[in-house]
Amino acid sequence: MSKLKYESPIIKQINTGITSKFGELNSLKPVTHIAGNQVKDLIEQYGSPLFVINEQTIRNTFQEAYHAFSTRYPNVQFAWSYKTNYIEAVCKVFHQEGSWAEVVSGFEYQKALDNGVPGDKIIFNGPDKSDEDLRTAIENNSPVHIDHFDELYSLISISEELNKRAKVAIRVNMDTAIKPLWDRFGFNYENGQAWAAINKIFYSKNLDLIGFHTHIGTFILDPNAYGVAASKLADLALNVKNKFKHDIQYIDMGGGFASKNTLKGSYLSGPDLAPSFSDYADTITNALLNAGFSTEDLPLLILETGRALIDDAGSLLGTVLANKRLSDGRRSMIMDFGVNTLFTSFWYNHIISPAQECSLYTEDTVMYGPLCMNIDVIRESINLPPLNKGDHVVVHRVGAYNMTQWMQFITLRPRVVMIDPEGQPHIVRESESKEYVSEPERTPDYLNDFDL
């Protein structure tokens, strides 16, 4: 081994700034690179603001989740939640990893078909399925998860009209001690609605009940709630077998797993609160394995988790537009992205890092977006070092919902790039232009002439 080169020691002044409620330093270590690419280079090449998706993080997170469940249960299938992020490149990464598609609208259903997902691997959820949507799903042999009785009656009518058997499941809502109770969707377990739907399905001519589905809520921090839900769905499945001599093919536990983001108002940070995939897997699989199924009758376990699989893979790069002092003396920064681009800033206190070396001194700062609206607040309070106009930041864990719930409001939606496992960036969604936004508009001729 070669001799190390001698470097004389130096003394570096440390300014701790303001500590957090946990005694931690609030000075943030700069994040200058993402997947081997310099943040400033990405912004220079693709513009600011810019969403960046790390493909390798998606694959690693998915494999971690699949391993947690597949080592605890013999028959597991994930279905990618399109509403969480339906950028086609993102969806296809999950499909390459073995995920089916889970959709909640005719629009998402068509995206899944166009992405090459076989019809029998597209789970059709949601309360808004038109008759045409139902026809398409039946013809493509897709599992339709029934949300309400009117949809059930439509399926009975359409399947008879097509003279084709429809594969159906019912969505079941139930009391799992999570408040508020998500009883808007599906049929209630406790009041007998679920059994009423089951009976109607079995006494119909062309419906095959193949599964039960639940989605108990969103950002669920108590894994035990999933154990309660799995036990109740297993109870339905076992009673169906006793009454109708029919085996349910799958139990779909939906999504709702928490990511490591920190909810607004939370005392502890997201990484301290969020259960692991193993925590969720333990409660769900134990409930199913202990329910009383025979080895031969153990149903397929389907999981539709979205947020926990994609949040960590997404980053938003942005630029400081200006600094101001508010009337009470607080420092504020105006960024080139706002709540129209970063919709989840309504829910989360996102971690935001400088993208260049900066002072160790930090100051409580209000971070605003560029919109001419008072609600455009990215962070009400965040300790950051002083950043100058033109400096850049990285917003972490933004992969879920921002690229589906973003709005074309006042400003245009930005580019999205994905960095492949070799570190090469690819544009996976172009930024909008004025022409793109105006193309659907139609102006009557009489409005074209005016004199100012």
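Laboratory data are not the source of any read-out in this text; all were calculated from the coordinates shown. Predicted model, so just to flag it, every value in this text is computed and none were measured. Note that we place each Cβ from the backbone using ideal geometry, even for glycine, and neighbour counts take in every protein chain shown.
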Of Ile251, Ile138, how do they rank once you tally other Cβ atoms within 10 Å and put the fewest first?
Ile138, Ile251
Which peptide among 347-354, 208-215 comes first, and what is the full order, when sorted by highest mean count of other Cβ atoms within 10 Å?
208-215, 347-354
The answer for the per residue Cα convex hull volume of the chain, in Å³, is 218 Å³
Pairs of alpha-carbon atoms within less than 8 angstrom and 6+ residues apart define the contacts here; what relative contact order does the chain have, in percent?
19 percent
Residues with amide H under 5 Å of Val172's amide H, sequence separation 5 or more or different chain, H placed in the peptide plane at 1.01 Å from N; which?
Phe187, His213, Thr214, His215
I'd like the projected area of the stretch 245-391, averaged over all directions, using the convex hull of its alpha carbons. Report it in nm² with one decimal.
12.5 nm²
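Cα-Cα over 28 Å: which of Lys129/Lys232; Lys324/Lys434; Lys83/Lys232?
On the way: Lys129/Lys232 26 Å; Lys324/Lys434 30 Å; Lys83/Lys232 26 Å.
Cα-Cα > 28 Å for Lys324/Lys434; rest within.
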Output ³J(HN,Hα) for the stretch 234-248: one whole-Hz value per residue in order, computed from phi by the Karplus curve 6.51 cos²θ - 1.76 cosθ + 1.60 with θ = phi - 60°, and x for Gly and Pro.
5, 4, 4, 4, 5, 6, 5, 5, 5, 7, 10, 6, 10, 8, 6
Counting helices only, and only those DSSP H runs with n ≥ 4, report the 222 nm mean residue ellipticity of the chain as the sum of -39,500 (n - 2.57) divided by its residues, in deg cm²/dmol to the nearest 500.
-8000 deg cm²/dmol
Given Cβ charges of +1 for Lys and Arg and -1 for Asp and Glu, the option among Tyr73, Ala194, Asn242 whose Cα lies farthest towards the positive end of the dipole of the stretch 55-311 is Asn242
GluC sites (Glu not before Pro) lying in DSSP loop within the stretch 115-205, provided at most 15 other Cβ fall within 10 Å:
Glu190
Along the stretch 325-342, what does the Karplus equation 6.51 cos²θ - 1.76 cosθ + 1.60 (θ = phi - 60°) give for ³J(HN,Hα), rounded to whole Hz, x for Gly and Pro?
9, 7, 5, 8, x, 5, 7, 9, 10, 10, 9, 8, 10, x, 5, 5, 8, 10
Listed highest first by mean packing, meaning other Cβ atoms within 10 Å per residue, what order do 278-286, 383-391 come in?
278-286, 383-391
What order, most packed first, do the peptides 407-418, 176-187, 433-444 have when packing is the mean number of other Cβ atoms within 10 Å of each residue?
407-418, 176-187, 433-444
Surrounding net charge for Ala68, when Lys and Arg each add one and Asp and Glu each subtract one, Cβ distance under 11 Å
-2
Give me P(r) over the stretch 127-204, computed from all C-alpha to C-alpha distances, binned every 5 Å, as integer percentages.
3, 16, 27, 22, 15, 9, 5, 2, 0
Looking at the stretch 294-376, which GluC sites (Glu not before Pro) are DSSP coil and have at most 13 other C-beta atoms within 10 Å of their C-beta?
Glu357
So for the stretch 55-311, considering every pair of alpha-carbon atoms, how many percent are separated by more than 31 Å?
21 percent
